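Here is the structure we will look at.
The values are calculated or read from the model by the stated rules, or taken from the named source; none is laboratory data. Since the model is a prediction, treat every value here as computed from it, not as a measurement. Cβ: placed from backbone, ideal geometry, glycine included. Neighbour counts: every protein chain shown.
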Amino acid sequence: MNEMTARGVAGVAVDLEPYWMPFSHNRYFKRHPERRLIARAEGAYYWTVEGERLFDCLSGLWCVGHGHAHPRIGAAIERQFRTVDYSPAFQMGYPETFRLAARIAALAPPGLDHVFFVNSGSEAVDTALKIALAYHRMKGEASRIRLIGRERGYHGVGFGGISVGGMVANRKLYPAAQLAGVDHLPHTHNPAQMAFSRGMPKWGAHLADELARLVALHDASTIAAVIVEPMQGSAGVIVPPVGYLERLRELCTRHGILLVFDEVITGFGRMGAAFGAERFGVVPDMITFAKTVNNGAIPLGGVIVRKDIYQAFMTGPAHAVEFFHGYTYSGHPMAVAAAHATLDLVEEEGTFARVRELEPVLEDAIHSLKGEPGVLDIRNCGLAAAVDLEPIAGEPGLRALKVFEHALRRGQLVRFTGDTIAVGPPFVSTPHELAKMADDLRAAIRAAR
Ligand code: PLP
């Protein structure tokens, strides 16, 4: 077996070369696939093809909060396949999709009561940006063409998402292909002011006033929407400063700018509430969601909008299409069935309360890593946390990779990006598992020195 082949599930040899892995170091992975090929998943654990058990510290990619292979979700998907496997998304409807829209609207903040379904977070973001631009135009304010994102923001990989996103690696190859007229707020992470904050940092609300500066620069009449993650997940759990989101809300309201919360990570439980909007007490005009809505079982995302935004589109002859947008798999019956089963679990098991109970356990566990070699900062909010590590001189990203590999040897699958380690454990984790995760991470950090 050469370095590009590996033993797959049930020992079948797999050629690793043809698959171009997303957001991955393909060459390194294909040379070192040990402990990185998954054979089975159940509850809060994966098993590798070598038969080793890994605690799923990031709930997949922030999506499998309720644990893997949940029998309720599996049964719903199987039943759905036998009932209606697929039905056309355009000009036809499947009743369960309508019922899901109503359930999601009921969970959303008051006033956000219409749902447009898509298949991913990236599609949700691009859909929300299109709705924002079209909405102003429908309302006779066609000059509102600017979109404001935020540094270090992650809004997926569509051209809209990378334009408002603030991660240079995702943007730099496509300068000419990005949306025109986009500007960015500063990010809110300032270690000098807030290192090792537990929960929301006290410093930084004033950074929202940068929106006032952008309004003064561009004029409100040119700005359609501001999009932010209430808590920046992919950048490494950057938690909003106390009062920051409120100020953004005030400024958007004052200037007629739509505020979009990208809740692809924060929606459906991760914050100990249905949405970050509820957790942080700030109501946006639109929410994008995906991931945990159906426990990552089948791709599903969406945009929740205020009634008057929906109503603004409902003009022209009743027989005409109102919004020329949608996907073949919008509101896919299988994904919808998985979402209903997931929301049943949320209701029956009191998931949000469980996350709130676990939050201080995770907070204590993760902050116990303060003082370990090379740990520069630790942040947490809801059931999410991140640890910044001092980079190895001249080799950014290598320290976190080493920690990741040492953690794997200890049975922990953490997420690493740059020199940050992130965790977002399953809602079904036990306090013991969270403590063990932090202890194993401590050992990995020490070993990676
Ligand atoms: N928006 C946010 C806030 C995300 O965290 C992500 C993915 O992590 C996305 C959008 C993109 O979602 P997807 O990968 O499903 O396209």
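A few comments on the model shown:
Yes or no, residue by residue, for (1) of a type outside the set (Phe, Trp, Tyr); (2) in contact with a Lys or Arg (Cβ under 6 Å, 6 or more places away or on another chain); (3) closer than 30 Å to Ile366 by Cα; (4) more than 15 Å from the ligand (Cβ to nearest atom):
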| site | (1), (2), (3), (4) |
| --- | --- |
| Glu229 | yes, no, yes, no |
| Pro240 | yes, no, yes, no |
| Tyr244 | no, no, yes, yes |
| Leu248 | yes, no, yes, yes |
| His255 | yes, no, no, yes |
| Thr266 | yes, no, yes, no |
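- Of all residues in the stretch 411-449, those being in a loop (DSSP other than H, G, I, E, B) and surrounded by fewer than 20 Cβ atoms within 10 Å (Cβ to Cβ) number 4.
- Filtered by the rule that a residue be touching a helix residue (DSSP H, G or I) at 6+ places or on another chain (Cβ under 6 Å), within 14 Å of the ligand (Cβ to nearest atom) and closer than 26 Å to Ser221 by Cβ, the stretch 136-158 gives Gly149, His155.
- For the stretch 93-135, a residue qualifies if it is more than 21 Å from Cys63 (Cα to Cα), of a type in the set (A, V, I, L, M, F, W, C) and within 16 Å of the ligand (Cβ to nearest atom), and the qualifying residues are Leu129, Ile131, Ala132.
- Annotation: of all residues in the stretch 113-156 being assigned to a loop (DSSP other than H, G, I, E, B) and small (Gly, Ala, Ser), the one that is farthest from Ala212 (Cα to Cα) is Ser120.
- Tyr327 at pLDDT 95 or above, more than 27 Å from Ser197 (Cα to Cα) and either more than 12 Å from the ligand (Cβ to nearest atom) or among the hydrophobic types (A, V, I, L, M, F, W, C) (or both): yes
- Of all residues in the stretch 274-304, those satisfying the criterion of being more than 21 Å from Leu61 (Cβ to Cβ) and in a strand (DSSP E or B) are Met286, Ile304.
- Only one of the numbered conditions (1) more than 18 Å from the chain's Cα centre (by Cα); (2) aliphatic (A, V, I, L, M); (3) closer than 27 Å to Ala105 by Cα is not met by Ala142, and that is (3).
- Spans of helices (runs of 4 or more DSSP H) in the stretch 157-226 with at least 3 residues farther than 30 Å from Ala365 by Cα and in the same structural domain as Tyr135 (by TED's automatic domain parsing): 159-164, 168-171, 210-218
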